[in-house]
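To keep things clear, I will list the structure first and then write my remarks on it.
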Amino acid sequence: MIDRDIERELLPLLGSGEEILWAARPQTGIKLRTSDAVMIPFSIVWCGFSIFWVVMAYSMDAPIPFVLFGVPFVFIGLYLVFGRFFADANRRAKTIYAFTRERVIIRTGGGNSTVESIPIASLAELTLEQKADGSGTIILRPDISTPGSLNYAHNFNSSRGPARYVKQGPRLEMIDNVQSVYQRLLDLQRQIRV
């Protein structure tokens with residue numbers, strides 16, 4: 001069953017005769033990722049050293065530019081320690097995932113949204129990352145040799161850095177019942193290739 005609010009938001013993105021087969025939002029709220037095992041200690045050290053720098057420079061009556069030099073690093077440290085969790089939660093709250101028989105749609109953002117449309121026929125590989133609670137992530141890897149997908153890969157390479165999406169792939173992250181969604185995508189791939 002598709003949430004009617006999500007369906008209304010996606011309606012303007014659909015082509016003539018295109019029907020949403022599945023749609024959902026990623027899990028909301030502050031979530032920890034595997035990479036946080038490294039990022040949390042790093043961010044605490046960064047922030048702590050930056051604060052130490054500013055306090056020591058100020059207490060030693062260093063010239064104001066010397067004190068102010070550390071302030072941007074304090075703000076970066078505070079973002080790394082706290083802000084990135086809220087930014088990630090806010091991004092996921094404004095994200096919708098969906099697929100039709102022809103494509104996977106990833107819409108991020110509210111009013112000024114970005115829409116990624118990945119043809120299912122262009123997907124070379126689907127990777128499932130599942131947690132014990134049944135939630136998880138599906139990584140979509142487009143086949144750059146498929147006609148039409150070369151432009152897709154090129155667009156992502158040029159806008160997001162060298163080969164980022166070709167290597168890592170767009171993802172449907174932190175979705176519930178990830179195994180059933182993964183199986184439905186595999187079934188669609190098989191139907192298209194038959």
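The values are calculated or read from the model by the stated rules, or taken from the named source; none is laboratory data. Since we're looking at a predicted model, the values are computed, not measured. For neighbour counting, all protein chains shown are included, and Cβ atoms are generated from backbone atoms with ideal geometry for every residue, glycine included.
Before we move on, is I20 surrounded by 15 or more Cβ atoms within 10 Å (Cβ to Cβ), touching a residue at least 24 places away in the same chain (Cβ under 8 Å), assigned to a loop (DSSP other than H, G, I, E, B) and within 24 Å of the chain's Cα centre (by Cα)? It is true that I20 is surrounded by 15 or more Cβ atoms within 10 Å (Cβ to Cβ), touching a residue at least 24 places away in the same chain (Cβ under 8 Å), assigned to a loop (DSSP other than H, G, I, E, B) and within 24 Å of the chain's Cα centre (by Cα).
The residues listed here are I144, I192; of these, the one that is in contact with a helix residue (DSSP H, G or I) (Cβ under 7 Å, 6 or more places away or on another chain), at pLDDT below 85 and assigned to a loop (DSSP other than H, G, I, E, B) is I144. For region 88-125, a tally of residues being closer than 16 Å to Y182 by Cα, touching a Phe, Trp or Tyr at 6+ places or on another chain (Cβ under 9 Å) and surrounded by fewer than 18 Cβ atoms within 10 Å (Cβ to Cβ) returns 1.
Restricting the search to helices (runs of 4 or more DSSP H) fully inside region 34-88 and requiring at least 2 residues that are under 24 Å from T108 (Cβ atoms) gives 36-59.
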